[in-house]
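Attaching a single structure in structure tokens format; questions to follow.
Just so it is clear, none of the values below were taken in a lab; they were calculated from the coordinates. Keep in mind that what you see is a predicted model, and the values were worked out from it rather than measured. Neighbour counts run over all protein chains shown; Cβ positions are idealised from the backbone, glycine included.
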Amino acid sequence: MPTIFEKIIAGEVPAAVLYRDERVIAFLNINPMAPVHVLIVPNKLIPTVNDICNEDESLIGHMVIVARDIAKQQGIAENGYRLIINCNAHGGQEVYHLHMHLIGGRALGPMIQRVK
Ligand code: AMP
């Protein structure tokens, strides 16, 4: 079963696309957690961080470069933002197609809640 992100990459499901090239696509999160919430997704299907190969090193670096440029375009670079990749159940991953969250536009607070 293709994931929702594969359908977006294939153009079968609409998305608010900010950027795309031969390696990645970046689009607005449908359920944003902050004023800016963009997902940077490789066109190639890599289900989780655990499935990244050594040959993907440049692709993963490219995702960060694209995130950097979108942060600048969105006007959040100077104040700052957060890049997140969730992995598997404990990481809270919902869509099993690797993606990086670019979140900003407000102070995001602590990275995770401390649990006693
Ligand atoms: P994760 O928990 O890291 O797997 O995050 C998956 C993210 O994908 C969630 O923040 C969802 O809001 C987002 N999402 C799911 N479906 C869509 C969609 N059709 N377009 C944009 N974002 C989506």
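Taking neighbour Cβ counts within 10 Å as the exposure measure, how do L108, L98, L59 sort from fewest upward?
Numbers: L108 14, L98 26, L59 17.
The most exposed by this proxy come first: L108, L59, L98.
What residues of the range 55-76 lie in the reach of a label at R23, counting those whose backbone N is under 14 Å from a point 7 Å from the Cα along Cα→Cβ?
The answer is 55-69.
Could you list I70, I65, I40, I60 in order of exposure, starting from the residue whose Cβ has the fewest other Cβ atoms within 10 Å? List each step's numbers first, then the result.
Details: I70 20, I65 11, I40 24, I60 15.
In order of increasing Cβ crowding within 10 Å: I65, I60, I70, I40.
Okay, moving on. Relative to the compact-globule scaling 2.2 N^0.38 Å, provide the ratio for the alpha-carbon radius of gyration of the range 1-93.
Values: Rg = 13.3 Å, N = 93, 2.2 N^0.38 = 12.3 Å.
For the range 1-93, the normalised Cα radius of gyration comes out at 1.08.
With a cut-off of at most 12 other beta carbons within 10 Å, and DSSP calling the residue loop, which GluC sites (Glu not before Pro) in the range 27-116 qualify? Please list them. Each step should come with its number before you reach the end.
Values: sites: E55, E57, E78, E94; in loops: E78, E94.
Loop-located and lightly packed - E78, E94.
Still on this model: For the chain, what does the relative contact order come out to in percent, with C-alpha contacts under 8 Å and a separation of six or more?
On the way: 155 pairs, mean separation 34.0, N = 116.
Relative contact order here is 29 percent.
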